[in-house]
1. Polar (S, T, N, Q) and within 27 Å of Thr342 (Cβ to Cβ) - does that describe any residue in the stretch 25-46?
2. Under 6 Å by Cβ, and 6 or more places apart or on different chains, what pairs join a residue from the stretch 230-247 that is more than 30 Å from Ala359 (Cα to Cα) with one that is near ligand 1 (Cβ under 8 Å from one of its atoms) and assigned to a strand (DSSP E or B)?
3. Name the residues in the stretch 152-173 that are at negative phi, more than 13 Å from ligand 2 (Cβ to nearest atom) and not in a helix (DSSP H, G or I), would you?
4. Can you go through Ala119, Ala159 and tell me which one is of a type in the set (A, V, I, L, M) and without any contact (Cβ under 8 Å) to a residue 24 or more places away in the chain?
5. For the stretch 131-156, enumerate the residues that are over 23 Å from Tyr308 (Cα atoms), out of contact with any helix residue (DSSP H, G or I) (no Cβ under 9 Å at 6 or more places or on another chain) and buried (at least 17 other Cβ atoms within 10 Å of the Cβ).
6. Residue by residue through the stretch 18-35, note down the ones that are surrounded by 17 or more Cβ atoms within 10 Å (Cβ to Cβ), part of a helix (DSSP H, G or I) and small (Gly, Ala, Ser).
7. Out of curiosity, is Ser149 outside any strand (DSSP E or B), more than 16 Å from ligand 1 (Cβ to nearest atom), of a type in the set (Gly, Ala, Ser) and at pLDDT 95 or above?
8. Which one of these does Leu141 not meet: (1) part of a loop (DSSP other than H, G, I, E, B); (2) of a type outside the set (Gly, Ala, Ser); (3) within 21 Å of Asp91 (Cβ to Cβ); (4) within 14 Å of ligand 2 (Cβ to nearest atom)?
Amino acid sequence: MNPAADIAHAIARIQAGQVTTDRLARLLAATDPAAVALLRQAAYRVKCSTVGRTVYFRALIEYSNVCAKNCLYCGIRAGNAEVARYTLSHDEVLERARWADAQGYGSLVIQSGERQDAAFVDTMTALVRAIRAETTLGITLSLGEQSESVYRAWFDAGAHRYLLRIETSNPELYRALHPADHRFAARRDCLDALRRIGYQVGTGVMIGLPGQTLRDLANDILFFRDQDIDMIGMGPYLPHAQTPLGAAGAPGAPLDLALNMIAVTRLVLPDINIAATTALQAITDDGRELGLLAGANIIMPNITDTRYRAAYQLYDNKPCLNETAAQCRGCLQARIERIGETIGFGRRGDSPRFARRLARPAAETTP
Ligand code: SAH
Ligand code: SF4
């Protein structure tokens, strides 16, 4: 079979519900241009008929680069002494939130290095409560691993989505990428707790990690399915020179693999939200638009004040370090309109899968 016919056959089998690791890995491996085009077009068709051609914004606030953890790949890991640490004030965050609300961004994501101390938890609870009181924004948190009671406190304060990447669903690979006290099982348990509480649950992986196989990535997609995940934020692994992994010289992920991963995830999980992440744009200027055309439907424009952006570098060559949030808005709108899509201004754009999950009888909600 020629490569395009082989891919067409695998897509048809997957859409008939015959989803296997081998078949997913075969799709992820596509490099022949005709085969890749076929894969992305099939995923785009699925996206158009499920979540549509409207892109939803999640205004991203990089709250703090103070982190207690030491993930071997991450530029703001605790062990990187060269980072100038910062934490935004309550008022700085609120000012950004009000701006996003006035722009009609619909939703906000607060992301940060991980801290579990009481001061951090209480400050965040107050912040979420204030944003809920003063804006109409949907609130997503991405603040790492916390206890169930902390997740509950933030939910009660008004957050309703949480993004916690599993990073890889292969526990061996997870172990190779983290110090011994960072545990895969603890991270997975957090996803369960978030679902129990009632959050829309987002996870994701890094694509193209050193030591990761195509079968690992295929199993990541099965993990998303089996964990009944509502939204995905995944992107290419990119090296940071001041990290153990980056210093070891492992190269970053190829763009095409990251786009294949988005496309295959859309085929398997037609009604979830999938973000076209900033890391795609770090590889190529129009990376996020290519992500949208491969099946993604969410973009997270960075609205953090430019004076903090350089200090929040998870990987080298982060794009738009000096572009203000207002400039970014105009640039993004033009880029999105250029590919024939529209922006869902003023709407939260919740994951349709979440609504269906809630509508299902309780016995079916946990796999
Ligand atoms: N501390 C929180 C949120 C900030 S990190 C947490 O870890 O969940 C957000 C994401 O950045 C991580 O989940 C990881 O997938 C990604 N990331 C970190 N270092 C990266 C790198 N070198 N390349 C690509 N993505 C990276
Ligand atoms: Fe901290 Fe998150 Fe980076 Fe890990 S990935 S070092 S938890 S900011």
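1. yes
2. Final answer for the pair search is Tyr237/Met206.
3. Those that are at negative phi, more than 13 Å from ligand 2 (Cβ to nearest atom) and not in a helix (DSSP H, G or I): Ala159, His160, Arg161, Tyr162, Ser169, Asn170.
4. Answer to the selection: Ala119.
5. Selection gives Gly138 alone.
6. Listed by number, the residues that qualify are Ala25, Ala35.
7. yes
8. Exception for Leu141: condition (1).
The values are calculated or read from the model by the stated rules, or taken from the named source; none is laboratory data. Note that the coordinates shown come from a computational prediction; the quantities given were computed from them, not determined experimentally. Cβ: placed from backbone, ideal geometry, glycine included. Neighbour counts: every protein chain shown.
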